[in-house]
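Scroll down for the structure; my scribbles are underneath it.
Just so it is clear, none of the values below were taken in a lab; they were calculated from the coordinates. These figures come from a predicted structure and were not determined experimentally. Note that each Cβ is placed from the backbone with ideal geometry, even for glycine, and that neighbours are counted across all protein chains shown.
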Amino acid sequence: MKNSEDPAVETTVMHDATGQHLLLTLKRCESFELLNDEQQLIELAGRAAEATGATIMNVCSQKFSPQGITIIAVLAESHASLHTYPESGVVFWDCFTCGTTCKPEKSIAVLTDALKPGEVDQQVVHRG
């Protein structure tokens with residue numbers, strides 16, 4: 001980043017090296033079709049990431065054969081990933097946000113409302 005007083009002088013912006021990492025496992029999800037619907041899951045991952053207060057920079061996805069999808073969201077604050085196993089009714093959601101302004105736990109309600117799991121396992125790891 002350039003110094004505004006002298007554009008030729010480089011300055012370094014320091015950020016706190018801290019963050020929160022949500023590890024979420026959703027089991028016994030009701031809909032095989034939803035867990036194998038790439039477009040709907042891209043939209044769901046986006047809503048879940050936005051619920052944390054994060055800014056989505058980019059999203060990529062991969063559909064597998066015969067079933068299953070992985071979605072990665074690059075966030076200005078770090079990243080989130082969604083992995084589905086339609087044949088088992090299982091979804092894994094990992095959401096890591098740097099700093100202290102985003103709250104990964106706020107994505108849980110978005111995901112559970114849409115995926116309707118019979119069981120939810122969650123862990124938040126504080127990093128830094």
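Projecting label points 7 angstrom from Cα along Cα→Cβ for Ser65 and Thr100 puts them 5.1 nm apart. Between Val120 and Thr12, the FRET efficiency from the beta-carbon distance, with R0 = 35 Å, is close to 0.25. Karplus-based coupling profile of the stretch 98-107, in residue order and whole Hz: 7, x, 10, 8, 7, 10, x, 4, 5, 7, with θ = phi - 60° in 6.51 cos²θ - 1.76 cosθ + 1.60 and x standing for Gly or Pro. Our coupling estimate for the stretch 14-19, obtained by passing each phi through the Karplus curve with A = 6.51, B = -1.76, C = 1.60 and θ = phi - 60°, is 9, 10, 5, 8, 9, x Hz, Gly and Pro reported as x. Evaluating 6.51 cos²θ - 1.76 cosθ + 1.60 at θ = phi - 60° for every residue in the stretch 30-45, the Karplus couplings come out as 6, 10, 4, 4, 5, 5, 10, 9, 4, 5, 5, 6, 4, 5, 5, 4 Hz, glycine and proline recorded as x.
Could you list the residues of the stretch 40-78 with an amide nitrogen less than 11 Å from a label point located 7 Å from the Cα of Ser31 in the Cα-to-C-beta direction? Within reach of a label on Ser31: 40-41, 44. Compactness ratio for the chain: Cα radius of gyration over 2.2 N^0.38 Å (N = residue count) comes to 1.23.
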